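Please read the structure below before turning to the comments.
The values are calculated or read from the model by the stated rules, or taken from the named source; none is laboratory data. Source: prediction; values computed, not measured. Positions of Cβ are backbone-derived with ideal geometry, glycine not excepted, and every protein chain shown enters the neighbour counts.
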Amino acid sequence: MQAATPMVEDRIRNVDPAAASAPADAPEPPREPPAEPEFEFILPTPRAPAPAPTPVVATPFVELVLLEPDVAAVEKALRELEYDYPQIVPQLLALAHSVAKAARESSLALAGRRTGAWVFAREYALDDGLDLREAIEHIGAPALRALVEVDQQGAQLHIHDSPLCTEDGHSGCSFFSGFLEGLLGPAIAPGGLSIFPVCCRSYGADECVLAISD
(Lines give C-alpha, C1' and ligand atoms only; values in the text may rest on other atoms or scores of the structure.)
Protein backbone atom coordinates (compact mmCIF):
# COMPACT_ATOMS: atom_id res chain seq x y z
CA MET A 1 0.00 0.00 0.00
CA GLN A 2 1.32 3.38 -1.00
CA ALA A 3 2.00 6.06 1.56
CA ALA A 4 -0.23 9.15 1.52
CA THR A 5 0.96 11.93 -0.57
CA PRO A 6 2.35 14.99 1.18
CA MET A 7 -0.65 17.17 0.08
CA VAL A 8 -3.17 14.81 1.59
CA GLU A 9 -1.15 14.57 4.73
CA ASP A 10 -1.09 18.35 5.05
CA ARG A 11 -4.90 18.49 4.72
CA ILE A 12 -5.31 15.84 7.37
CA ARG A 13 -2.86 17.61 9.60
CA ASN A 14 -4.58 21.04 9.28
CA VAL A 15 -8.11 19.88 10.24
CA ASP A 16 -9.33 21.54 13.49
CA PRO A 17 -10.04 18.76 15.97
CA ALA A 18 -13.01 20.76 17.47
CA ALA A 19 -14.49 21.32 14.06
CA ALA A 20 -14.03 17.72 13.21
CA SER A 21 -15.75 16.60 16.32
CA ALA A 22 -18.67 19.23 16.09
CA PRO A 23 -21.91 17.75 14.84
CA ALA A 24 -23.65 19.17 11.83
CA ASP A 25 -25.84 22.26 12.38
CA ALA A 26 -29.20 21.04 13.74
CA PRO A 27 -32.38 22.88 12.59
CA GLU A 28 -33.80 25.42 15.08
CA PRO A 29 -36.87 24.18 16.94
CA PRO A 30 -40.11 25.98 15.93
CA ARG A 31 -40.88 29.04 18.00
CA GLU A 32 -43.99 29.00 20.11
CA PRO A 33 -46.53 31.68 19.15
CA PRO A 34 -46.87 34.50 21.68
CA ALA A 35 -49.55 33.91 24.23
CA GLU A 36 -52.77 35.79 23.54
CA PRO A 37 -53.68 38.43 26.15
CA GLU A 38 -56.32 37.42 28.58
CA PHE A 39 -59.47 39.57 28.42
CA GLU A 40 -61.04 40.84 31.59
CA PHE A 41 -64.81 40.80 31.45
CA ILE A 42 -66.39 43.77 33.24
CA LEU A 43 -69.98 43.13 34.16
CA PRO A 44 -72.29 46.19 33.88
CA THR A 45 -73.59 47.65 37.09
CA PRO A 46 -77.22 46.59 37.38
CA ARG A 47 -79.70 49.47 37.24
CA ALA A 48 -81.89 50.21 40.17
CA PRO A 49 -85.43 48.97 39.57
CA ALA A 50 -87.85 51.64 38.37
CA PRO A 51 -90.20 52.90 41.04
CA ALA A 52 -93.63 51.42 40.94
CA PRO A 53 -96.12 53.71 39.14
CA THR A 54 -98.41 55.67 41.36
CA PRO A 55 -101.85 54.17 41.09
CA VAL A 56 -104.34 56.53 39.46
CA VAL A 57 -107.58 56.70 41.31
CA ALA A 58 -110.38 57.37 38.86
CA THR A 59 -112.81 60.02 39.95
CA PRO A 60 -116.29 58.62 39.60
CA PHE A 61 -118.57 60.58 37.30
CA VAL A 62 -121.44 62.09 39.19
CA GLU A 63 -124.19 63.57 37.06
CA LEU A 64 -125.24 66.93 38.40
CA VAL A 65 -128.93 67.14 39.16
CA LEU A 66 -130.01 70.61 38.08
CA LEU A 67 -131.92 72.74 40.52
CA GLU A 68 -134.55 75.39 40.03
CA PRO A 69 -133.27 78.97 39.73
CA ASP A 70 -132.43 80.91 42.85
CA VAL A 71 -135.09 83.58 42.39
CA ALA A 72 -133.94 85.70 45.33
CA ALA A 73 -130.36 85.81 44.01
CA VAL A 74 -131.59 86.75 40.52
CA GLU A 75 -133.74 89.57 41.86
CA LYS A 76 -130.81 90.86 43.89
CA ALA A 77 -128.54 90.85 40.83
CA LEU A 78 -131.09 92.72 38.67
CA ARG A 79 -132.54 95.12 41.21
CA GLU A 80 -130.58 98.02 39.68
CA LEU A 81 -131.04 96.84 36.08
CA GLU A 82 -132.59 100.13 35.00
CA TYR A 83 -129.45 101.99 36.01
CA ASP A 84 -126.80 99.35 35.38
CA TYR A 85 -127.77 98.17 31.88
CA PRO A 86 -125.88 97.41 29.67
CA GLN A 87 -122.92 97.23 32.10
CA ILE A 88 -124.33 94.20 33.92
CA VAL A 89 -121.55 91.63 33.45
CA PRO A 90 -120.14 92.14 36.99
CA GLN A 91 -123.59 91.51 38.47
CA LEU A 92 -124.02 88.37 36.37
CA LEU A 93 -120.62 87.00 37.39
CA ALA A 94 -121.48 87.66 41.03
CA LEU A 95 -124.78 85.84 40.52
CA ALA A 96 -123.05 82.83 38.95
CA HIS A 97 -120.71 82.49 41.94
CA SER A 98 -123.29 83.14 44.63
CA VAL A 99 -125.75 80.37 43.81
CA ALA A 100 -125.35 76.62 44.18
CA LYS A 101 -123.50 74.95 41.31
CA ALA A 102 -126.58 72.97 40.35
CA ALA A 103 -128.64 76.18 40.19
CA ARG A 104 -126.10 78.20 38.22
CA GLU A 105 -127.43 77.47 34.74
CA SER A 106 -131.10 77.93 35.60
CA SER A 107 -130.42 81.14 37.56
CA LEU A 108 -128.49 82.69 34.66
CA ALA A 109 -131.25 81.66 32.25
CA LEU A 110 -133.89 83.33 34.44
CA ALA A 111 -131.78 86.48 34.67
CA GLY A 112 -131.47 86.42 30.88
CA ARG A 113 -135.21 86.06 30.29
CA ARG A 114 -136.02 88.92 32.66
CA THR A 115 -133.36 91.16 31.12
CA GLY A 116 -134.47 90.35 27.56
CA ALA A 117 -138.13 91.02 28.34
CA TRP A 118 -137.18 94.32 30.00
CA VAL A 119 -135.12 95.39 26.95
CA PHE A 120 -137.94 94.46 24.55
CA ALA A 121 -140.49 96.47 26.53
CA ARG A 122 -138.18 99.47 26.67
CA GLU A 123 -136.83 99.53 23.10
CA TYR A 124 -138.75 97.19 20.77
CA ALA A 125 -142.34 97.09 22.01
CA LEU A 126 -143.66 98.26 18.62
CA ASP A 127 -141.71 95.63 16.66
CA ASP A 128 -144.00 92.63 16.83
CA GLY A 129 -145.35 90.18 14.30
CA LEU A 130 -141.92 89.60 12.72
CA ASP A 131 -140.73 86.31 11.33
CA LEU A 132 -137.76 84.68 13.01
CA ARG A 133 -135.09 85.89 10.58
CA GLU A 134 -136.31 89.49 10.79
CA ALA A 135 -136.51 89.34 14.57
CA ILE A 136 -132.92 88.08 14.83
CA GLU A 137 -131.60 90.69 12.40
CA HIS A 138 -133.50 93.74 13.68
CA ILE A 139 -133.85 92.95 17.39
CA GLY A 140 -131.78 89.99 18.59
CA ALA A 141 -128.36 90.81 17.17
CA PRO A 142 -128.48 94.59 17.85
CA ALA A 143 -129.66 94.10 21.44
CA LEU A 144 -127.05 91.42 22.12
CA ARG A 145 -124.29 93.70 20.78
CA ALA A 146 -124.93 96.02 23.71
CA LEU A 147 -123.54 93.25 25.94
CA VAL A 148 -120.98 91.34 23.84
CA GLU A 149 -119.38 91.24 20.41
CA VAL A 150 -121.61 89.14 18.17
CA ASP A 151 -121.96 88.23 14.48
CA GLN A 152 -125.12 86.95 12.84
CA GLN A 153 -124.82 84.07 10.39
CA GLY A 154 -128.29 83.18 9.23
CA ALA A 155 -130.21 81.84 12.21
CA GLN A 156 -127.05 81.55 14.30
CA LEU A 157 -125.44 84.13 16.55
CA HIS A 158 -121.67 83.84 17.10
CA ILE A 159 -120.56 85.42 20.38
CA HIS A 160 -116.88 86.35 20.62
CA ASP A 161 -114.94 86.41 23.91
CA SER A 162 -117.95 85.91 26.14
CA PRO A 163 -117.12 87.32 29.59
CA LEU A 164 -119.46 84.75 31.15
CA CYS A 165 -117.72 81.72 29.61
CA THR A 166 -114.11 81.97 30.74
CA GLU A 167 -113.78 79.19 33.31
CA ASP A 168 -113.24 75.60 32.18
CA GLY A 169 -116.59 73.92 31.96
CA HIS A 170 -118.46 76.89 33.45
CA SER A 171 -120.61 78.13 30.61
CA GLY A 172 -122.66 81.30 30.85
CA CYS A 173 -124.45 80.76 27.56
CA SER A 174 -127.68 80.04 29.43
CA PHE A 175 -127.91 83.78 30.15
CA PHE A 176 -127.68 84.66 26.45
CA SER A 177 -130.19 81.95 25.54
CA GLY A 178 -132.60 83.30 28.16
CA PHE A 179 -131.95 86.86 27.02
CA LEU A 180 -132.88 86.03 23.42
CA GLU A 181 -135.91 84.07 24.57
CA GLY A 182 -137.25 87.00 26.61
CA LEU A 183 -136.34 89.46 23.87
CA LEU A 184 -137.54 87.66 20.74
CA GLY A 185 -140.51 85.75 22.16
CA PRO A 186 -142.88 88.75 22.13
CA ALA A 187 -141.62 89.93 18.72
CA ILE A 188 -142.09 86.90 16.50
CA ALA A 189 -145.35 85.57 15.12
CA PRO A 190 -147.14 83.13 17.42
CA GLY A 191 -145.15 79.95 17.74
CA GLY A 192 -142.51 78.30 19.84
CA LEU A 193 -138.96 79.61 20.04
CA SER A 194 -136.03 77.20 20.44
CA ILE A 195 -132.48 78.29 21.22
CA PHE A 196 -129.77 75.64 21.12
CA PRO A 197 -126.17 76.23 22.29
CA VAL A 198 -123.98 74.73 19.55
CA CYS A 199 -120.61 75.30 21.24
CA CYS A 200 -119.06 77.34 24.03
CA ARG A 201 -115.58 78.73 24.61
CA SER A 202 -115.61 77.46 28.20
CA TYR A 203 -115.38 73.95 26.70
CA GLY A 204 -112.52 74.81 24.34
CA ALA A 205 -114.36 76.32 21.35
CA ASP A 206 -113.11 79.53 19.75
CA GLU A 207 -116.48 81.19 20.24
CA CYS A 208 -119.95 80.60 21.59
CA VAL A 209 -122.61 79.82 19.01
CA LEU A 210 -126.37 79.88 19.56
CA ALA A 211 -128.72 78.40 16.97
CA ILE A 212 -132.26 79.83 16.94
CA SER A 213 -135.29 78.15 15.44
CA ASP A 214 -139.05 78.35 15.77
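Quick rundown of the values:
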quantity	calculated
Residue 128, sole failed condition from (1) acidic (Asp, Glu); (2) touching a strand residue (DSSP E or B) at 6+ places or on another chain (Cβ under 9 Å); (3) closer than 16 Å to residue 173 by Cα	(3)
Residue selected from the range 49-78 under the condition in contact with a helix residue (DSSP H, G or I) (Cβ under 9 Å, 6 or more places away or on another chain) and not in a helix (DSSP H, G or I), by the criterion modelled with the lowest pLDDT	64
